[in-house]
Every structure is written in structure tokens, then in C-alpha cells.
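One structure below.
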Amino acid sequence: MFGWEFPPHITGGLGTACFGLTRSMAKRQVEVIFVVPKAFGDEDQSSVRIVAAEDIDVVEASKKLEEFWKNIKYLEISSNIVPYVDPEEFKKIVNANQVEILEENGNSSKKKFRFSGKYGVNLIQEVNRYAVTAASIAATENFDVIHAHDWLTYPAGIAAKIVSGKPLVVHVHATEFDRSGENINQNVYDIEKRGMEMADRVIAVSNYTRNIIITRYGIPENKVVTVHNAVDFSNHVDHEYDRGVSEKIVTFLGRVTFQKGPDYFVEAANKVLKYNHNVRFVMAGSGDMLNRMIRRVAKLGIANKFHFTGFLQGTDVNRMFMLSDVYVMPSVSEPFGISPLEAMRSNVPVIISKQSGVSEVLKYAIKVDFWDVDALADSINGLLNYSALSNFFIKHGQEEVNHLKWGNAARKIINIYNQLTN
Amino acid sequence: MKTICFYFQVHQPFRLRRYRFFDIGKHHDYFDEFANRSIMRKVAEKCYLPTNKLMLDLINEYGSRFKISYSISGTALDQFELYAPDVLDSFRKLADTGCVEFLAETYSHSLSSLKNKDEFSRQVRAQQKKIKELFNYESKTFRNTELIYSDEIGAMVADLGFKTMLTEGAKHILGWKSSNFVYANDINPKLKLLLKNFQLSDDIAFRFSNRDWSEWPLTTEKFVWWLDNIDPNEEIVNLFMDYETFGEHQWAETGIFDFMRALPDRIFSNSNFEFLTPAEAAKKHQPVALLHVPSPISWADEERDLTAWLGNELQDSAFNQLYSLADKVEQIDDPDIKRDWLYLQTSDHFYYLCTKWFSDGDVHKYFNPYDSPYEAFINYMNVLSDFSLRVKNKLMEQSLFNEKEESETTEIKKLIGAYQKKIEELQQQITSTATKTASTSPKNAVKNEAPKKDIAVPKKKETTISKKKKDTVKKVEEPKKAKASTTKAKKPVTQTATKKSPKGNTKKSK
């Protein structure tokens, strides 16, 4: 399996998903070699063997690779493709990477590459080096199926497939359209498309994403399978937090970027605040749209009831959920979206956009079109005012999320492996 | 001769428009005029008009041998008047044949029988009145919303003077008993019960076009053969179904109209059955036993219970809040509020809140204009919030008005009393002086009468003037009252203003 990150060193949902999935697969007697660009040594290796790409000797694995290498060699990085990173962090990464980067020509004699294992300015170079390393791993390790998570690892997956001849599964957790809307980065799109085309099977995290893969990437329907994500709350601990304010709290928690639809949240808040004064809104997270949101809130004159927390981590996230009365995820395009499940786990009723994969698996949630601000405002108000509704969600929601187990996902994926190997 | 008894349910709800919380207190038009009109027109063209024509043809062909019955909700009748007078005319023609029985039900196809006896009775009377107005027909048989029935509801219906009631032949109630007999209410045995034969009814209503059904296609031969093969002792087969079965649930293309057109002839020629209306059937057959139904049943879903309308938290909350207004609405005399009150009680609104998607989800979705029960709940509660505000305001208005009227009349009465006393006193004075003068010269007595009148007239004037004065005094008082109330209303505003000001200060200090 090729991934870009593995707990505890994660920046987004991808690492968590890989962890949950591999753990469940290990329980079902599937042996997983998990390749990450850089290992920190403290990864949970109880169910997978972690291999760090930087520890691998790169050999000129095969001549077959030459053509592949030609294709990806000249890709250049541009800044707007960086996923899961907010601006402040982005700068840090760039600074850190400048020290680490070793300029290399690619396929050459025996040497090791150094990887940052982060998302940053030299991402595409890292992706390419990672692919070359993958070819070496594929030549030395013994395995049956190659499984690549998201576009960063598709070139690696392809390289491994070319070297080993083993079937390739690419797992789409997000597409370029989710990250960038219609203004896609063509390089990334091309890598994604090639990965899907080269794959023997494409796994989508939702029907919503499956549909994008079929219509936007032109992948044949019968090759694309939906396997919904799940959540693992086995280590979840509930804490009680005292509220500082008497009003009800409506929360947005996530990256403040175009994809997450923060602007719709602000507009809906404005509508609700006109009629309901016993409520406060919180936008937790940061991102490239944060400043614009702050300006908008100020302009609407609701800043005394609308609060920004900045980026939240660890227990602060839990705490935010505990304080919330309604959680809103108005994503414009969300392949899956795990955060509403975390909210429900904390007994918070959720409103999610219909343009999210998670809306396919949830019954006890209000679903609205992200652009329908009136419906969003109405739903928020409904949950705040009609206690029968919020109690209904609290009563059934936790049970519902506890039933979304990785075991089901693992079973489906193992099924796909069996089809490909038999 | 055995009896076959057809009853068709005709109902359309007034569907709500998308009513947002920011409409509360501002807009009071709750209903989706466009949807209600277009759905009524669609169903009229596909079902009501062609089916009514078919039934009329059959009645004309077989004379009084072919009989049917309808239960038409008040909301459906209102919609006919608004959007489909042609349908109303076709029902009138059917009524004129004398072969059709119209059943009584609650005006708004409501669940009031489960909650409020007074409201229930009022609605039944209102629907009966409407039927009488439109079809000049006195309904004698009762059918409750969705065939909902329990011992208590039956007793309530008997109290209203009905002799016969229709309900579901629910398996869990009947046990080994058959629905093909007449039964009686457990509390008041005078009320006869006709039970739906759900097997044969649903063969037509639900399974007719289902190609996965082993008996598909359903022919009149097959159906009448089934009728002939019921237990020889059994007396009656009740075929109860939605009228929209014809042409709407089962499209014309399925052959449902042809089936119905051919059925009477097949029954007359190949079976020992006659068509009777519910009232006739109940008269002909004696009840074989009391039916014990402690908790309510209905004709819906696999469970034949109330869970399609009530039971989950959303439904119960909306239902209880709605009926918490019943007493208040009763005191109000406002046609708009009365109408909305009726239309908001329609059971369909609670059906949309149902969350049991799995077993009967398909049927539910078919009848549901909302994407989810949550959406339906928020919408309904928004409307209900506005409605209860209106009820509250209207009550306040009325009580103020009543108080005013009462105080005015008592004051006037006081005044009148006071002046009457004065008049009497004066009259006594006059008579006493008159007797004095009369004793001196009888001629003057005639003269004296005139001045008496003269005196009386100005006094009357005086009273009226003083009344006017009093009125103006009152008018002066009224604005005072009004002022007092406005100052009351203003008070919270000033409070919030003072609340706000410290915030402003803190901002400044920042």
C-alpha cells in the first residue's frame, strides 16, 4: 500500500482513513506493507509493516520505467495544489524543505532519496522520487496487490505495477475537483487520470466521488467501486466542558477554503441572527478564505455573535464539539467528510451538504444543498428551536455513527483483491 | 346472497409551501397553491373524472344492482370547489343515482379521534354539513381517517349517532376470526363494524400491476373465483381502497379501468354476490361477535397501526403542540384561523414525518413532497409557530374587545339606571304638583300634560348629551390605556438598549 502519511503524523483525514482501513484488514488476515515517504519511527506498526521510502536503495529497477519517467519528469509545482495545509503551516513547510532538498536527476545509480513526507512546494519532485523508490520496493518485496491512496502515490503505484506486473488499485479519497473547484491544476488532474486509467480497479470513498471519476475522468463505470469510509471511535473519551456563554452555539469546523463552503455558513448565520438572538456562531479552522470571512462578518455587523477560533488541534477539537449545539458542514464538494461523524459522536446534531459523500451513509442528519442558504438557515433555526428534532438526532445519531465500522470497508476491499488475484 | 361492499376513499391534503422561519410572524399563507392545484388537476384528469364516469356508466347499465360508497374528506371537497368544479359535478351526478352512499368522516382527514373528542365531533359534523350542502345527502355511516379504530373511538362514534362504522380487518385483532362478517363495538354493541378484507382489497389496490406478484395479471375471472371460494358461511366481502387506485396508483395502462368495467357483470353472472352500500350491508347482516380493539388500528403499512403518523419524537411533538391549541382556537371566531386550523390537522402532515424508511419506505416516498422527515418537521413547526402566534394575538384582541364591550355596556346600564331614577323622581314631583293643581282646577290638568312632555324631552336630550360626554371621556381614557400598553411594550426595548450600551463601552475601551 502506498500512502503519504500514517498516524500520528497526519495533516488530514487520509492518514486516519489508511490507519483504520489497514487495521481492519489485518484482522482479516491481510498482510499490509505500508509505504510512506518518510517514517518517524513512532508509527503504530501493530497491524502493518511501515516502510519508509527514504530508507530504500534506489536501483535502476527496470527499463520499462523509462517511458514512465519521461512522462512525469518535467512536472512543475504550483502552490494552489497543496492540500490539507493552511497558509501559516505552508510557509513553515517550505522553509523546512529548502534545507532538506537534494537536487537529483531521477533515474540514476544506487542512492537514497530524502523525503520531507509533507505537502509542500517540492511536492511534485517528491512524488516522482517516491515513484522511483516504489519501483525498487516492488522489485524486492513479495506482494499480491498494489493499493495506492490518492494522487500523490499514483505514480508510485503505476511504477510498482510496471515493475511487478501485479494488479493496481487506486483509492480516491479526493479529486482535484474537490480541492480546486473548476480551476483545476492540470498536472495534478493528469496524474490522477493516468493513475485511474492504469489501475485495474478504482475505489471511490462515496458515490458522489465515483460519479466525478466516471464523468470527469472518463473512467468506465464497471471499474469504479464505492467503498464508504468509516470511523473508529474506540479511543474516544468524553469530557464535560463548562460553557462560558448561555447562548446556543452553531459550529463550522474545518479548513476555511473554497471546498468547505465557509461563505455559505456566514450568510446563513446572518439570516439566523436577524431573528434569533440567543445563538452564537463559531468558525473553527483556518485557510485561504479566512480573512475574507472575517471581513464579511464585520461588514454584516454580526461580529459580536460570530467568532473565529483559528486552527484547532487535538483536545480543542473535541472541546469545540462538546460546546456545540449544531454542527454545520456546508461543503461545496466533499468526497466523504469525517467531521460530521465526530460531531454526532459527541451528541451534536449535524447539518451536512448534499454534495458530500457522508450524506450517503447518514440518515440522522439534515441534508441541504450547499448553495441553499435559506434552507441552511432554516435548518439551523429548526434544530435550535424545536427540541424534539435535536433530541431525535442526539438519540439516534451516536448509534448510527457507531455502526459505521471499518470492517465493512475492509471486507469490500478484500473482495476486490480477491477478484483481481483469482 | 352474500354481499360485496365497495368503499372508496377520496382525499387530498392542503400541502404546505416551503415556509421558512423568517416567514414566522410575517406571512400567513401556508399552503402551496401551485402544488395543490396542479396535483388536484392531475389526479382529476387521471382518476376522478374517468373513474366517476365509469362508475356512472356501470350504475346506468345495471340500475340499482350496482352500488358503491365514497368517503370524501372536507379538504378534498374544498379543493374540488377551488380547482375542480367539474369533479364536483360528476360526484353530484353519482349522488343523484341513489346508488351511492356518502360516508361521514372528519373534515380535514385528521387524527383528532386520538386526541380531542370535542374537536373530533365538530369536524365530523362539519364534514356532514358539507356533504349535505353539496350533494343534499345525509350521511349515516362513519369512516375514520385511515380506518383508524379502537373500542373507544367506536363508542365515541356511536355517541355521535352513527349505527355503522368501517375499519381494517387487521390480522392481529382478528386472529382466527374472519373479516367477512359484521362485528359490533365492544363498548356499545349498537355500533356495527364492517371490516376491510385486506387480501382482496389490496389485490386490486396495491398488487394489480405488480408483475412480480405470482397472481399477475389479475383478471375478473380469477377475482370472482376467489370471491366464490370464501368460506360458505361467510357473508360479506368489504373492498375498501383509495379511489386514486384507479388511474393514479394503478395507471390506466395497467388495465385497471377495464377490470372494474368488467367486474360487475362477472359477479352477477358467476357468483352469489350482490352489491350493497355499507349502510345496507349493516342492516342486512347481523353482527356475529363483539370486536375487541383496546389500542388503535389503521389500514396502513404492514403493522396496521398508527406508526405512520404518530410514535416517533418528531410526530408526537408536532401532534401535541398542534392540539395544545385546540381550546384556544375554539374560542376564536375568525374564518381564516378556523380554516388553517382544520387544514393543519390533516394526517398527511404527520405522515411526512415518518422515519421508518425500511419496510414501507417506497409507499411513503410516493406520497411525500419532502426530501426528508426533518425537512418536513422544520417546515411544519415553522408554520405551527406562526399559527400559534396568530391564535395568541387574536385571543388577546378578542379579550380586549370583549372587555371594552362589557365595560361599555355596564357603564351605559349604570347611566340608564341613574337617569331612570331621576326621571321617576321628577315624575313623582310632577304628579304630586299635578294632583295639587288638578284639585284646584281640572281644566289645567290638560294644559299640564303638555309641559310634562316639554320637560321630559329636554331631559332626554340631556341624557344623550351626557352620554356623549361620557363617551368622549372614555375615548380620552382609551388612548391613555393604549399609551400605557405602548410604554409597556417599549420598556423591554429600553432595557435591551441599556444592555447594549455597556457592550458598546467595552468595545470603545478595547
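The values are calculated or read from the model by the stated rules, or taken from the named source; none is laboratory data. Bear in mind that the values here come from a model prediction, so they are computed numbers and not experimental data. Quick reminder, even Gly has a Cβ in these numbers, built from the backbone with ideal geometry, and neighbours come from all protein chains shown.
Could you list all residues from region B:339-361 that are more than 14 Å from chain A (Cβ to nearest Cβ), surrounded by fewer than 16 Cβ atoms within 10 Å (Cβ to Cβ) and at pLDDT below 95? Step through it out loud before you land on a result.
Taking region B:339-361 as the starting set, the residues that turn out to be more than 14 Å from chain A (Cβ to nearest Cβ) are B:339-349, B:351, B:359-360.
After this cut, where a residue has to be surrounded by fewer than 16 Cβ atoms within 10 Å (Cβ to Cβ) as well, the list is B:339, B:359.
The answer is B:S359, and nothing else.
Among the residues of region A:295-309, those that are part of a helix (DSSP H, G or I) and away from chain B (no Cβ under 14 Å) comprise A:R295, A:R296, A:V297, A:K299, A:L300. Against the criterion of being of a type outside the set (D, E) and modelled with pLDDT of 95 or more, B:K46 qualifies.
Against the numbered list (1) at positive phi; (2) touching a Cys at 6+ places or on another chain (Cβ under 9 Å), B:L239 comes up short only at (1). Surrounded by fewer than 22 Cβ atoms within 10 Å (Cβ to Cβ) and within 14 Å of another protein chain (Cβ to nearest Cβ) - does that describe any residue in region A:255-267? Yes: region A:255-267 contains one or more residues that are surrounded by fewer than 22 Cβ atoms within 10 Å (Cβ to Cβ) and within 14 Å of another protein chain (Cβ to nearest Cβ). Every test in (1) at the interface with chain B (Cβ under 10 Å from one of its Cβ atoms); (2) under 15 Å from B:Y19 (Cα atoms); (3) crowded, with 21+ Cβ neighbours inside 10 Å is passed by A:K367 save one, and that test is (2). When B:L77 is tested against the conditions (1) over 22 Å from B:D386 (Cβ atoms); (2) surrounded by fewer than 16 Cβ atoms within 10 Å (Cβ to Cβ), the lone failure is (2).
Restricting region B:307-333 to residues that are of a type in the set (S, T, Y) and in a loop (DSSP other than H, G, I, E, B), the residue that is nearest to the other protein chains (Cβ to nearest Cβ) is B:S324. Just one of the listed residues (A:I203, A:I214) is under 26 Å from A:G261 (Cα atoms), in contact with a strand residue (DSSP E or B) (Cβ under 7 Å, 6 or more places away or on another chain), hydrophobic (A, V, I, L, M, F, W, C) and without any contact (Cβ under 8 Å) to a residue 24 or more places away in the chain, namely A:I214.
The set of residues in region B:92-120 being buried (at least 24 other Cβ atoms within 10 Å of the Cβ) and among the aromatic types (F, W, Y) consists of B:F102, B:Y107.
Taking the criterion of being among the aromatic types (F, W, Y) and part of a loop (DSSP other than H, G, I, E, B), would at least one residue in region A:351-369 satisfy it? Scanning region A:351-369 turns up at least one residue that is among the aromatic types (F, W, Y) and part of a loop (DSSP other than H, G, I, E, B).
Does region B:21-39 contain at least one residue that is within 19 Å of the chain's Cα centre (by Cα), of a type in the set (A, V, I, L, M) and either part of a helix (DSSP H, G or I) or within 13 Å of chain A (Cβ to nearest Cβ) (or both)? No, because not a single residue in region B:21-39 is within 19 Å of the chain's Cα centre (by Cα), of a type in the set (A, V, I, L, M) and either part of a helix (DSSP H, G or I) or within 13 Å of chain A (Cβ to nearest Cβ) (or both). Considering (1) outside the structural domain of B:D186 (by TED's automatic domain parsing); (2) free of Cβ contacts under 8 Å to residues at least 12 places away in the same chain, the lone condition that B:Y323 does not fulfil carries the number (2). Scanning region A:366-421 for residues that are more than 20 Å from A:V170 (Cβ to Cβ) and of a type in the set (S, T, N, Q) yields A:S379, A:N381, A:N385, A:S387, A:S390, A:N391, A:Q398, A:N402, A:N408. Answer yes or no as to whether B:D231 is touching a residue at least 24 places away in the same chain (Cβ under 8 Å), more than 23 Å from B:M165 (Cα to Cα) and either among the aliphatic types (A, V, I, L, M) or not in a strand (DSSP E or B) (or both). Answer is yes for this residue.
Within the span defined as region A:299-318, one or more residues are touching a residue at least 40 places away in the same chain (Cβ under 8 Å), among the β-branched types (V, I, T), surrounded by fewer than 23 Cβ atoms within 10 Å (Cβ to Cβ) and touching a Leu at 6+ places or on another chain (Cβ under 9 Å).
Screening B:Q12 with (1) closer than 22 Å to B:L384 by Cβ; (2) part of a helix (DSSP H, G or I) gives one miss only, at (2). If you filter region A:370-404 down to residues that are within 11 Å of another protein chain (Cβ to nearest Cβ) and among the acidic types (D, E), you find that the one that is nearest to the chain's Cα centre (by Cα) is A:D372. Scanning region B:317-344 for residues that are basic (K, R) and closer than 20 Å to B:D32 by Cα yields B:K338, B:R339. Scanning region A:268-294 for residues that are surrounded by fewer than 18 Cβ atoms within 10 Å (Cβ to Cβ) and of a type in the set (K, R) yields A:K274, A:R292.
Counting only helices (runs of 4 or more DSSP H) that sit wholly inside region A:167-238, those with at least 3 residues that are within 21 Å of A:G15 (Cβ to Cβ) are A:176-180, A:186-198.
The set of residues from region A:273-294 being within 20 Å of A:V373 (Cβ to Cβ), within 14 Å of chain B (Cβ to nearest Cβ) and part of a loop (DSSP other than H, G, I, E, B) comprises A:N276, A:H277.
Quick check: is even one residue across region B:280-303 at pLDDT below 90, crowded, with 21+ Cβ neighbours inside 10 Å and not in a helix (DSSP H, G or I)? Working first, answer last.
Going through region B:280-303, the residues at pLDDT below 90 turn out to be B:300-303.
Going one step further and asking which of them are crowded, with 21+ Cβ neighbours inside 10 Å, we end up with B:300.
With the extra rule that they be not in a helix (DSSP H, G or I), the set shrinks to B:300.
Yes, because at least one residue in region B:280-303 is at pLDDT below 90, crowded, with 21+ Cβ neighbours inside 10 Å and not in a helix (DSSP H, G or I).
Assessment of region B:234-243 against the conditions (within 30 Å of B:I173 (Cα to Cα), hydrophobic (A, V, I, L, M, F, W, C), touching a residue at least 60 places away in the same chain (Cβ under 8 Å) and within 14 Å of another protein chain (Cβ to nearest Cβ)) yields no matching residue. Among the residues of region B:175-221, those that are free of Cβ contacts under 8 Å to residues at least 24 places away in the same chain, out of contact with any helix residue (DSSP H, G or I) (no Cβ under 9 Å at 6 or more places or on another chain) and farther than 15 Å from B:T245 by Cβ comprise B:G175, B:W176, B:R211, B:D212, B:S214, B:W216.
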